[in-house]
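Engineer: Okay, handing you the structure first.
Quick note: the coordinates plus some simple rules give every number you see, no bench work behind them. From a predicted model like this one, the values you see are computed outputs, not experimental measurements. Here the Cβ positions follow ideal geometry from the backbone for every residue, glycine too, while neighbour counts run over all protein chains shown.
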Amino acid sequence: MRVYAELARRAWQRQRAYGNANLAGLFTNSFFGYIRVVPLMAAFASRPDISGYDRDVAITWNWLAQSLITIVALWGWWDVALTIRSGEVAIDLARPIHYLGYWLARDVGRAAYSTVYRFIPILAVGQLVSGLRWPEAPWLTWPAFMCSLILALFTSFAWRFLLNLGAFWLTDYRAIASLGLVATTFLSGFLVPLAFFPPAIRSILEALPFAAIIQTPATVFLERADGMDLALLLAQQLGWAVVMLGIAHWGAQVATRRVTVQGG
Amino acid sequence: MTPSSVFLPALYVRLAVARVRGQMRYRVGFLLMILGVFVANAFEFVALLVLFGQVKVLGGWSAHEVALLWGMSQMSFAIAEAFGRGFEGLAPQVRSGEFDQVLVRPLPVFFQVFASAFEAHRIGRFLQGATAVWYARSDPASIPWQASHWTTLIFAVTTGAVIFFATFVLGGAWALRVVDGQELMNTFTYGGTTLASYPLELFSDPIRRAATWILPLAFVNYFPALALLGRVGPPGMLPFGLTPIILAMSAPVVAMTYLGVAVVVWDRSVMRYQGTGT
């Protein structure tokens, strides 16, 4: 276990080396948060309630989505694919640690850094720019949100890991895999809350694993589910995290069995 | 002679054609990239339509009207991206020291960076923008368009492309001075096109001003779209009380001035360039 903690710590430090880039990224995230919140606020000028979201809830959803995406890294994360292309994967596979666990530990370190240096500052910007709706039952919501956040990270990690594995089969994996990630920004409720979709589509999207990446933690934070609903929501998210990690593990085994290291 | 005063069209065309031919070698990969760019933007557009499924108007603009802004912004940006990629991708070259090689070659620096990339697959974004304009035109409530409307549209998209291209040049100049600033430039390039995809009048006053007078996004599509849609915009939105048509017609002057400024800033940055020591 200690080795994984160490890997996570190293990943955190690696992020810290890019201090200025992180600051620039924070500025970009905040600016996009602003651009996206403005039309949303305009939408609420004509009606007070959209699918159960009032103005404050929608605004908070916007800033949450903007900040959550830095934790779940939907903008791209190709570290695994790069090692496959370079051949470094051979060394990683030779290490006496679990291959999936190795990458998960590193991603947890990266995500922890993003939580402190991106997620929290972006929410702070949101609070300054448009004011946020903070949990009304903090003692229940914050712990539930923490759990949801970790499960969202695991689900997103497993999905990104699977997309990266495409590099084992395809040299042109990047175009397809990028498409997979872009689709995720739509299907996860990042671009628009899943609640805004027509009911039939909404129920399909909520049943997919992608909802567990953005929509579920946002729903928990916004206290759109309580009591039994909340428990069920988290159970569903846990289910997806386990299933997706399972598929990722299986995918890694299939992929590495046919590994042929590229020279050079 | 300033480094950017020489432009070699014939050489540029040869390089660009060679580049496109190279990209076409992997036809499947190339088509997938076009599709990828198209779909990526289509998702964002559909997300906008989902929002419009819930409300009739955003700040007085219908879905079809916003779609016109969206389409114009995307088409302009796609052209700028295809031609401006050399400036956009400069940061890693500065970091690795590769850019120093550019400086020792007996060709203008601006031209070399400009000619170093041409991304034909950006046509995917252009086509998505065209789809949005097609959707905008499918509005039964809109006035029928004559040849003059289409000319205005083509003019505006071209002008908008120059404005975005100049922003990429400024981004390149920025990369020469600040090595870690890549993501900050995304705010102005990608952030700019996103901002221009919505009615400018929705945004707060400082942003409106900045998007009119500093980075002239308003001239990319907002003023031309007002003219095309027969809208006038809220009070105080139009500089000097000019009509949208006059503002749309003055857009090329604004775009060329902005490009001129960008090139001067670029030249100065090249002169002052110190490298990273790698």
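Engineer: Among rounded, prolate and oblate, which fits segment A:174-228 when a ≥ b ≥ c are the square roots of the eigenvalues of its C-alpha gyration tensor, a/c under 1.5 means rounded, and a/b larger than b/c means prolate?
Structural biologist: prolate
Engineer: Can you pull the mean other chain C-beta count within 10 Å for peptide B:56-63?
Structural biologist: Mean inter-chain Cβ contacts per residue within 10 Å come to 3.
Engineer: Please compute the Kirkwood hydrodynamic radius of chain A from all pairs of different C-alpha atoms, in Å with one decimal.
Structural biologist: Averaging 1/r across every pair of different Cα atoms and inverting gives 19.3 Å.
Engineer: Within the set of other residues whose C-beta is less than 15 Å from the C-beta of residue A:47, count the net charge using Lys and Arg as +1 and Asp and Glu as -1.
Structural biologist: Net charge around residue A:47: -1.
Engineer: With only alpha-carbon pairs counted, each pair once and no self-pairs, how large is the Kirkwood hydrodynamic radius of segment A:118-225 in angstroms?
Structural biologist: 15.4
Engineer: Which value at 222 nm does the protein assembly as shown reach when only helices count, each DSSP H run of 4 or more adding -39,500 (n - 2.57), with the total divided by all residues and rounded to the nearest 500 deg cm²/dmol?
Structural biologist: Taken over the protein assembly as shown, the calculation gives -23500 deg cm²/dmol.
Engineer: Each residue of segment A:84-90 in order: what ³J(HN,Hα) in whole Hz does its phi give by Karplus 6.51 cos²θ - 1.76 cosθ + 1.60, θ = phi - 60°, with x for Gly and Pro?
Structural biologist: Ordered by residue, 3J(HN,Hα) equals 5, 5, 7, x, 4, 3, 4 Hz.
Engineer: What does the structure give for A:11-23 when I average, per residue, the other chain Cβ atoms found within 10 Å of the residue Cβ?
Structural biologist: Per residue, the number of nearby Cβ atoms from other chains is 2 on average.
Engineer: For residue B:264 and residue B:240, calculate 0.36 nm times their separation in residues minus their Cα-Cα distance, and state this gained length in nm to one decimal.
Structural biologist: 5.9 nm
Engineer: For residue B:28 paired with residue B:56, estimate the spin-label separation in nm (one decimal), with each label point 7 Å from Cα along the Cα-to-Cβ line.
Structural biologist: Computed distance between label sites residue B:28 and residue B:56 equals 5.1 nm.
Engineer: Something else: Where does each of A:242-249, B:202-209 land if you order them by average Cβ count within 10 Å, highest first?
Structural biologist: A:242-249, B:202-209
Engineer: Please give the average number of partner chain Cβ atoms lying within 10 Å of the Cβ of each residue in B:178-184, rounded to a whole number.
Structural biologist: Whole-number average of other-chain Cβ neighbours for B:178-184 is 6.
Engineer: What's the percent breakdown of Cα-Cα distances in segment A:1-83 across 10 Å bins, shortest bin first?
Structural biologist: It works out to 14, 33, 27, 16, 9, 1, in whole percents.
Engineer: Of A:184, B:243, B:151, A:155, how do they rank once you tally other Cβ atoms within 10 Å and put the fewest first?
Structural biologist: Arranged by neighbour count, lowest to highest, A:184, B:243, B:151, A:155 become B:151, B:243, A:184, A:155.
Engineer: Same structure, new question: Give me the Kirkwood hydrodynamic radius of segment A:47-130, using the inverse of the mean 1/r over all pairs of distinct Cα atoms, in Å to one decimal.
Structural biologist: One decimal place: 15.4 Å for the Kirkwood radius.
Engineer: On to the next question. Compute the longest continuous run of chain A that contains no exposed chymotrypsin sites (Phe, Trp or Tyr not before Pro); treat a site as exposed when its DSSP state is not H, G, I, E or B and it has at most 15 other Cβ atoms within 10 Å.
Structural biologist: Longest run free of exposed loop sites: A:170-264.
Engineer: Going by alpha carbons, how many degrees (0 to 90, nearest 10) lie between the helix axis of A:55-72 and the longest principal axis of chain A?
Structural biologist: 10
Engineer: Same structure, new question: Calculate the radius of gyration of the Cα atoms of segment B:191-278 to one decimal place, then report Dmax, the largest Cα-Cα distance, as a whole number, both in Å.
Structural biologist: Answer for segment B:191-278, Rg first and Dmax second: 16.1, 56 Å.
Engineer: Something else now. Would you calculate the separation in nanometres between label points at residue B:100 and residue A:10, each defined as 7 Å from the Cα along the Cα-to-beta-carbon direction?
Structural biologist: 3.0
Engineer: Determine the principal axes of the Cα atoms in the protein assembly as shown, then give the extent along each, sorted from largest to smallest and rounded to whole angstroms.
Structural biologist: Result for the protein assembly as shown: principal-axis Cα extents of 65, 60, 40 Å.
Engineer: Diagonalise the Cα gyration tensor of segment B:9-272 and give the resulting equivalent ellipsoid semi-axes, square root of 5 times each eigenvalue, largest first, whole Å.
Structural biologist: Three semi-axes, in Å: 32, 22, 17.
Engineer: On to the next question. Please report Rg over Rh for segment B:95-152, where both radii come from the alpha carbon positions and Rh follows the Kirkwood definition.
Structural biologist: A ratio of 1.33.
Engineer: Counting only complete DSSP H runs, which helices of chain B cover 15 Å or more along their long axis at the Cα atoms and score a mean Kyte-Doolittle of -0.5 or above?
Structural biologist: Helices passing the filter in chain B: B:9-25, B:27-54, B:63-88, B:123-137, B:147-177, B:182-196, B:244-272.
Engineer: Residue-wise, which Karplus ³J(HN,Hα) couplings in Hz belong to segment A:183-188, taking 6.51 cos²θ - 1.76 cosθ + 1.60, θ = phi - 60°, and x for glycine or proline?
Structural biologist: Once rounded to whole Hz, the list reads 4, 5, 4, 7, 6, 7.
Engineer: If packing is taken as the average count of other Cβ atoms within 10 Å, what order do B:32-38, A:229-235 fall into, highest mean first?
Structural biologist: Top of the packing list down: B:32-38, A:229-235.
Engineer: In addition: What list of whole percents do you get for P(r) of segment B:65-210, with Cα-Cα distances grouped in 5 Å bins up to the one holding the largest distance?
Structural biologist: Whole-percent P(r) values from 0 Å outward: 2, 9, 16, 19, 17, 13, 10, 6, 4, 2, 1, 0.
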